[in-house]
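Asker: Questions regarding the structure given below will be posed in turn.
The values are calculated or read from the model by the stated rules, or taken from the named source; none is laboratory data. A quick note: this is a predicted structure, and the numbers were derived from the prediction, not measured. Here the Cβ positions follow ideal geometry from the backbone for every residue, glycine too, while neighbour counts run over all protein chains shown.
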Amino acid sequence: MSLQAPEFFTELCLPFHDHAVVGNTYYAAPVPGTPLRLRIDFTRTIHADTYGGLRVAVVHPDRGEIDAVALSFVEHGTFHRRDEANHTRPNTKQYGTFDTHHRPGRPPWDGAVTSGLRDAIEQYTAVWFPGAWAASAPKRAAGRTSRRTPAPPTAPAGARTR
């Protein structure tokens with residue numbers, strides 16, 4: 001059965017205008033006119049037809065793959081809500097993964113929340129393609145803003161330190 005990769009990458013909402021999905025792989029030129037390209041593949045698990053994340057790579061046409069990172073669905077909370085609702089236990093085949101077997105009319109990655117993956121891809125591409133994300137990304141919705149980290153507590157004026 002098909003992974004419906006074009007639909008998955010559409011839902012991921014990557015902002016790159018110059019891109020294509022070939023088979024189950026997403027290719028993009030984040031900075032037009034430069035040789036570096038971005039390639040995103042689904043990572044397989046030890047179980048047949050089961051996928052546990054994405055592999056994001058920077059590729060040069062002459063030198064090949066320059067760098068890559070694996071983004072686990074578990075680490076990025078992609079299927080956390082689905083697995084909690086279905087009472088799927090960690091360390092089982094279904095936890096934090098999807099496979100090619102799915103309900104008719106639904107994508108195999110049904111129930112995925114892709115914002116964590118998208119944020120990780122944004123951070124990764126910012127290293128290799130500075131400014132490309134901001135130049136091509138649509139404005140984020142209010143619910144997709146980053147969280148503020150609270151400042152560490154400060155001692156009141158005149159307090160003794162040890």
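Asker: Please determine, by comparing only the residues of segment 62-85 that are within 24 Å of residue 125 (Cα to Cα), surrounded by 10 or more Cβ atoms within 10 Å (Cβ to Cβ) and of a type in the set (D, E, K, R), which one is modelled with the lowest pLDDT. Walk me through it before giving the result.
Answerer: Let us first name the residues in segment 62-85 that are within 24 Å of residue 125 (Cα to Cα), namely 62-79.
Narrowing further to those that are surrounded by 10 or more Cβ atoms within 10 Å (Cβ to Cβ): 65-79.
Next, from what is left, pick out any that are of a type in the set (D, E, K, R): 65, 67, 75.
Values: 65: 97, 67: 96, 75: 80.
By that ranking, first place goes to 75.
Asker: I'd like the full set of residues that are touching a residue at least 60 places away in the same chain (Cβ under 8 Å) and either of a type in the set (A, V, I, L, M, F, W, C) or surrounded by 12 or more Cβ atoms within 10 Å (Cβ to Cβ) (or both), limited to segment 9-52.
Answerer: 11, 12, 13, 14, 15, 16, 30, 31, 36, 38, 40
Asker: Same structure, new question: Pick from 97, 88: which is among the β-branched types (Val, Ile, Thr), at pLDDT below 80, over 21 Å from residue 4 (Cα atoms) and surrounded by 15 or more Cβ atoms within 10 Å (Cβ to Cβ)? Steps first, please.
Answerer: Working: 97 fails: over 21 Å from residue 4 (Cα atoms).
The unique qualifying residue is 88.
Asker: Looking at residue 127, is it at pLDDT 65 or above and closer than 24 Å to residue 24 by Cβ?
Answerer: Numbers: at pLDDT 65 or above: yes; closer than 24 Å to residue 24 by Cβ: no.
Taking the combined requirement at face value, the residue does not satisfy it.
Asker: Kindly list the number of the only condition in (1) exposed (fewer than 13 other Cβ atoms within 10 Å of the Cβ); (2) part of a loop (DSSP other than H, G, I, E, B); (3) modelled with pLDDT of 75 or more that fails for residue 161.
Answerer: Among (1) exposed (fewer than 13 other Cβ atoms within 10 Å of the Cβ); (2) part of a loop (DSSP other than H, G, I, E, B); (3) modelled with pLDDT of 75 or more, residue 161 violates only (3).
Asker: In segment 107-115, is there at least one residue being outside any loop (DSSP other than H, G, I, E, B), surrounded by fewer than 18 Cβ atoms within 10 Å (Cβ to Cβ) and at pLDDT 80 or above? Show your work before the answer.
Answerer: Let us first name the residues in segment 107-115 that are outside any loop (DSSP other than H, G, I, E, B), namely 115.
Filter once more, so that each one left must be surrounded by fewer than 18 Cβ atoms within 10 Å (Cβ to Cβ): 115.
Pick out the ones that are also at pLDDT 80 or above and you get 115.
Yes, some residue in segment 107-115 is outside any loop (DSSP other than H, G, I, E, B), surrounded by fewer than 18 Cβ atoms within 10 Å (Cβ to Cβ) and at pLDDT 80 or above.
Asker: Related question: Out of 135, 120, which single residue is modelled with pLDDT under 75 and part of a helix (DSSP H, G or I)? Can you show your working first?
Answerer: On the way: 120 fails: modelled with pLDDT under 75.
Selected residue: 135, the only one of 135, 120 that is modelled with pLDDT under 75 and part of a helix (DSSP H, G or I).
Asker: Somewhere in segment 40-51, is a residue within 22 Å of residue 113 (Cβ to Cβ) and of a type in the set (Lys, Arg)?
Answerer: Checked segment 40-51: at least one residue is within 22 Å of residue 113 (Cβ to Cβ) and of a type in the set (Lys, Arg).
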